[in-house]
Amino acid sequence: MSCKAAVYPGTFDPITNGHLSIVNRALKIFDKLIIAILNNPQKEPLFTLEERTYMIKEVLKDRDNIEVDSFDGLLVDYVVRKNSNVVLRGLRAMSDFEYEFQMALMNRKLNREVQSIFLMTDYKWFYTSSTIIKEAASFNGDISGLVPPIVCRKLKEKFGY
Ligand code: PNS
């Protein structure tokens, strides 16, 4: 199957500038990007699925060729349902590699038609993650420049600042 739509899955709790950099670069390769937010309440995200969806849609509202969706269950099954065959992931430090490699191989075992593609993060976002940004924000640390302004505001609201 030849398909130029890629699925970019993640928890996106919340979306960061690192994610956005991957989105912008992926759109130079693929015709369409489906941002697929994992709907798994067991992960106990800080933001609800609705909040995460809202923030992503707001941040990307001026971009064409982006669909924001959510999924549960197996990622490879979702990718097939969306008529795609590409999973896109961003890679930061070596520490990401082991987890991503394991996930890519498991996804490949589950469905050999689905290909995992990785983009290296821009060096600016090498040290950032949703988790570390949330931690800094929880202590009222300055996280501006690491997340879009709307996410900055939502984090402040969440932590009562
Ligand atoms: O942003 P994250 O938390 O690193 O994203 C992880 C995600 C959503 C890509 C991964 O947890 C996932 O694909 N979950 C769905 C279940 C699944 O298919 N797992 C991989 C094979 S067991």
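How many angstrom separate the Cα center of region 91-161 from the Cα center of region 27-53? Taking the Cα centre of each part, region 91-161 and region 27-53 sit 12 Å apart.
The number of Lys pairs in the chain with C-alpha atoms less than 13 Å apart, excluding pairs fewer than 8 positions apart on the same chain, is 7. The alpha carbons of the chain stretch over 49, 33, 32 Å along the principal axes, in descending order. Can you work out the PRE-style zone for D31? Point 7 Å along Cα to Cβ, and I want the residues of region 63-88 with backbone N under 17 Å. What the label zone holds, given the 17 Å backbone N cut-off, is 64-67, 82-87.
FYI, it's all coordinate maths here, none of it is from the lab. What you are looking at is a predicted structure, and each value in this text was computed from that prediction instead of being measured. Glycine gets a Cβ as well: all are built from the backbone with ideal geometry, and neighbour counts include every protein chain shown.
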